[in-house]
Amino acid sequence: MDLLNLIPSVLRDVELKPIVSILLYFSALTVCLTICLSRALKALPYSASAWVYTPLAVGSFYVTWTEIVAFLYGDYKDFISGFPTNSPLEDGLLDEYLKTSDWFDAAYVAVTYDKFGWWWSSQLLNMAAVIVALFWSEGAHHWYRRGDRRGGPTFWMAGMASAVAFVLVGFLGAMSTSFALFLAQRQALDRTYSFRSVPNVTITVVLLFVFYCAAVTYTPYIPADSAMFGINLLLLHIALALPVVGAAGFGLVYHPKDKPSNSAAESRFSMRWLYKLLALGNLFSYLAATSRLDFNRSVLLDLFNAMFLNNCQKSITADLVFCTVIAHVFIVSSLVSLSKRSIIPIYKALTVGALALVATPAVGISVVFPTFLAWREKYIRPRSSHEKLQ
């Protein structure tokens, strides 16, 4: 009974603004994650790849959020340790903690202050740009239902998860989770759907991605205690989300159209150009982060130890590792598909796969993956309006 009486008093004492922000955050994550995961589960009967991507998504979310929860708990324990009390609720410490804590900025500070830790963190942020570009170019808003295909997931009457839903799962949850769930849905779509339009890479889209890459590269040079640090983080997330929102709208679910939209044939190489730009931008960011390291006999050991600096760094590193694994699964799956359909010879598939595998430790998956996607574009887009979209 005392507990029931305590809850209203706590709610009266604690300011609503931080509580509302927290509730909105986790509500949005829960809704988007439910939508994306449900579509991945529906894809299981129609795609062998979905049986790989879906467990990877679940595993990545569990691993990354285990560390995030540990970070939040540790942050709260550190806060109350400075007060001589065993009853934080009675003394108003919960109110003070929620008012003064900024988990978003604090998490980024934890993964940027150390140059070895930033070497890992920057690669995940760079990879996020490539993943979002993939959402934008091959999301549900680019597909239409084909009447001559059978055996696909035609029962998706509730619609497909939109690119915006996947972006929010990536921003609020984990990029590797949204990446894997997107690919699970994407691979099943080929059974019933086809591309209905070609992405139009405008100068605005290019500038947004360029700004994002530049902001990521410059992040470790901004003082963590300055207002510009938080502003920079907010702006780079907005820049990355705007192209997707502009193309897919604000809806979290997309209902496929029956007819393809008209799109200019000359736009078919636009995504190749954007992927190449992202590869170059990410390579520059990678070299900038690498140049800050102290090269000595123990540099590899320092990089390894940096993976476990704190809970946030562990989460970021795990996210990057999962993204790397998922990207290589997609590369192998794409090469096998192209080879089976006799679009490329087996030797070319083996060569491309081997080069991707060898290059990843050298320059990182954030450079290798957009390079592969640029190469892949010429095989998945039509060379003329009469050719069949794959």
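Things to note:
- Using every pair of separate Cα atoms, the Kirkwood estimate puts the hydrodynamic radius of the stretch 264-376 at 16.0 angstrom.
- Here is the list for the stretch 204-257: chymotrypsin sites (Phe, Trp or Tyr not before Pro) lying in DSSP coil, each with at most 16 other C-beta atoms within 10 angstrom of its C-beta, are Phe250.
- Sparse-neighbour loop sites [chymotrypsin sites (Phe, Trp or Tyr not before Pro); the stretch 289-390; at most 14 other C-beta within 10 Å; DSSP]: Phe295, Phe308
- Net charge of neighbours whose Cβ lies under 15 Å from the Cβ of Ser226, counting Lys and Arg as +1 and Asp and Glu as -1: -3
- Taken as Cα centroids, the stretch 105-131 and the stretch 16-69 sit 21 Å apart, rounded to the nearest whole angstrom.
- Summary of packing: across the peptides 348-354, 54-60, the per-residue average of other C-beta atoms within 10 Å ranks them, highest first, as 54-60, 348-354.
Throughout, read-outs are computed from the coordinates displayed, never taken from laboratory work. No experiment lies behind these values; they were computed from the predicted model shown. Note that we place each Cβ from the backbone using ideal geometry, even for glycine, and neighbour counts take in every protein chain shown.
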